[in-house]
Amino acid sequence: MFRPVFFKMDLDALHKSLQDQDWIDSVTVSRQWPDVLQVRVVELQPIARWRDSGFLNQRGELIRVEESHPVLNQMSNLSKLSGPVGQETQVLGQYQFLSRLLAREQLKVTELSVSATGRWQMKLNQTLNVELGRDQIDEKIQRLLWLYGRRLKNQTSDVESIDLRYPNAVAVRFKNSANNDEKNTEDNAAQAA
């Protein structure tokens, strides 16, 4: 049976119409003889949140979403990345690199940011703040993994932050360090009196 609509259908217009839809990464449209129209749609896969304005896909491309869009709440479990405009691909690459390294200790990068001056910071497992600094990130992460595996793994809930900006050292701040300092000051004052 001859179907004139099948042959007259504008495949380019159909392709463009589908490609312009939200959350569509790619579309292929083709005719197959005698009367089949084949449409293949690949959905966008957000890898991480970008600031408060959207998501990054696997290529580091920004998917903008209005602040009131319900998908923001649905994707709140994705890691949050931020940095200067135009550095989305670099930040995503660093996120993927750090995630692979830290996964061997069951550490998850839940936030990663880079400042306009190139200073990197991250949050692990939603609670542990880590200052990375501007350079030698790989060496600093190796130092963090060594320290974490040998000293901090069983104390993670007590650690507030880790500062890796030093060339040959690591500074660890424990959550109760302010209380401990205050208590030690009070004890020293009592002993002096």
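Checked across segment 131-150, the condition of being among the polar types (S, T, N, Q) and in contact with a Gly (Cβ under 8 Å, 6 or more places away or on another chain) holds for no residue.
For segment 58-85, residues that are over 16 Å from S99 (Cβ atoms) and out of contact with any helix residue (DSSP H, G or I) (no Cβ under 8 Å at 6 or more places or on another chain) total 15. Of the residues making up segment 104-120, those that are open to solvent by less than 60 Å² (accessible area, probe 1.4 Å) and either assigned to a strand (DSSP E or B) or closer than 21 Å to T156 by Cβ (or both) are E105, L107, V109, T110, L112, S113, V114, W120.
Note on segment 157-177: among residues that are outside any strand (DSSP E or B) and surrounded by 15 or more Cβ atoms within 10 Å (Cβ to Cβ), the one that is modelled with the lowest pLDDT is V170. With a requirement of 3 or more residues that are surrounded by fewer than 13 Cβ atoms within 10 Å (Cβ to Cβ), the helices (runs of 4 or more DSSP H) lying completely within segment 9-103 that satisfy it span 11-19, 88-103.
In the condition set (1) modelled with pLDDT of 95 or more; (2) surrounded by fewer than 16 Cβ atoms within 10 Å (Cβ to Cβ); (3) not in a strand (DSSP E or B), Q126 is compliant with all but (1). Filtered by the rule that a residue be over 20 Å from Q21 (Cα atoms) and within 39 Å of the chain's Cα centre (by Cα), segment 31-48 gives a lone residue, A48.
Among the residues of segment 133-142, is there at least one that is β-branched (V, I, T), farther than 19 Å from I47 by Cα and in a helix (DSSP H, G or I)? Yes, segment 133-142 has at least one match.
The values are calculated or read from the model by the stated rules, or taken from the named source; none is laboratory data. Not measured: the values here are computed from a predicted model. Cβ: placed from backbone, ideal geometry, glycine included. Neighbour counts: every protein chain shown. Note: areas computed on protein heavy atoms with side chains; ligands, DNA, RNA excluded. Shrake-Rupley method; radii C 1.70, N 1.55, O 1.52, S 1.80 Å.
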